[in-house]
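So the structure is just underneath, and the comments pick up after that.
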């Protein structure tokens, strides 16, 4: 038995209001989840990067330490080498000065250069030439100068000149000149 | 007065409340703390990255300094690493002397990472100038050599016989190896 002349409309649980509500909340929840996952991924990346930074930093630290010790060693090498080069140059100047010091009239037969002294063997025409032309400049350089003579075959004099620098006096002279 | 709410509306209201509570709880209990954590980690990361850049710059500066030092002192570094070779020394410096004999002594001393041993030299020169040239050449030779006292010059007819000791410096391989192992 029919009570109505129209066909009944289908009733759905998803009414217009519920659809609107669900759409709104779906969008909201999706946005919240997307934001959450974005934060999780970014955060994970930051933590990963920080771990990488820590490893790189350790590497850099160890590299810096190695390079610093290498630099120190090269500086040490350079310092020693420069000291040796200077010593050789000073030695060359000392020998040049020594040979320049000997006048034409005096002939050297032997020269011994010591750490703190100089021993010269040679021939001089007479004592005066030796005293004025060789001993005088030697006295100005060395603190102690000893000379001995003995006759040579041609009437000249053979001499042995022993000269020493006293280390203590040299040091005190250096201090005095610095003042 | 009686308020009549339809069943439909009750469903709607309960769903609305449930979803609203869920959104609020999720936001306040999960999303906001995570955001806070993210922000802190970002600040920390930026700080670490800045620190790393500073370290990297410092590292580059040191590396640059080391390279410059190595380039400037290449001769000295190589000279310290080169083992003394009598034949080569004689060959290189023979032209300064009329005759040159080098004999290695066993007097070795170790000092502060360096080892040095003495070499005895006897030679003949025609004039002191040759000896000066030799002293200049020693500073440019393949080894680090110091000419030591005593130096003897003795006239022998037209020639001058000279004898002197040289100190050859090298690296103390044992100490340096130990140092590297310890590092």
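Observations
- Pairwise centroid distance, computed over Cα atoms, of the stretch A:128-165 with the stretch B:99-147, Å: 30
- In range of the label at residue B:65: residues from the stretch B:91-133 whose backbone nitrogen is under 15 Å from the point 7 Å along Cα→Cβ: none
- Nearest-0.05 FRET efficiency for residue B:25 and residue A:15, computed from C-beta distance (R0 35 Å): 0.85
- Using a simple spin-label model with pseudo-atoms 7 Å out from Cα toward Cβ, residue A:65 and residue B:172 lie 2.3 nm apart.
- Working value for the protein assembly as shown: equivalent-ellipsoid semi-axes of 100, 20, 14 Å, each the square root of 5 times a Cα gyration tensor eigenvalue, largest first.
- Report note on the peptides A:138-146, B:122-130: ranked by the mean count of other C-beta atoms within 10 Å, highest first, their order is B:122-130, A:138-146.
- The packing ranking, built from the mean of other Cβ atoms within 10 Å per residue, places the peptides A:56-69, B:153-166 in the order B:153-166, A:56-69, highest first.
- Across the stretch A:105-178, Cα pairs under 8 Å and at least six residues apart give a relative contact order of 32 percent.
- Legend: mean number of C-beta atoms from other chains within 10 angstrom of residue C-beta atoms, peptide B:14-25, equals 2.
- Modelled FRET efficiency - R0 30 Å, residue A:96 with residue A:73, Cβ distances, 0.05 increments: 0.30
- Label-reachable residues, the stretch A:49-73, where backbone N falls under 18 Å from a point 7 Å from residue B:44's Cα toward its Cβ: A:49-58
- The protein assembly as shown: calculated mean residue ellipticity at 222 nm from DSSP helix runs of at least 4, using -39500 (n - 2.57): -19500 deg cm²/dmol
- Potential extension, residue B:86-residue B:112 segment - 0.36 nm per residue separation minus Cα distance: 6.9 nm
- Length gained when the stretch residue B:137-residue B:165 is fully extended (0.36 nm per residue, less Cα-Cα span): 8.5 nm
None of the figures in this text is laboratory data; all of them are computed from the coordinates on show. Owing to the predicted nature of the structure, the values given are computational and were not obtained by experimental measurement. FYI the Cβ positions are ideal-geometry reconstructions off the backbone, even for glycines, and counts take in every protein chain you see.
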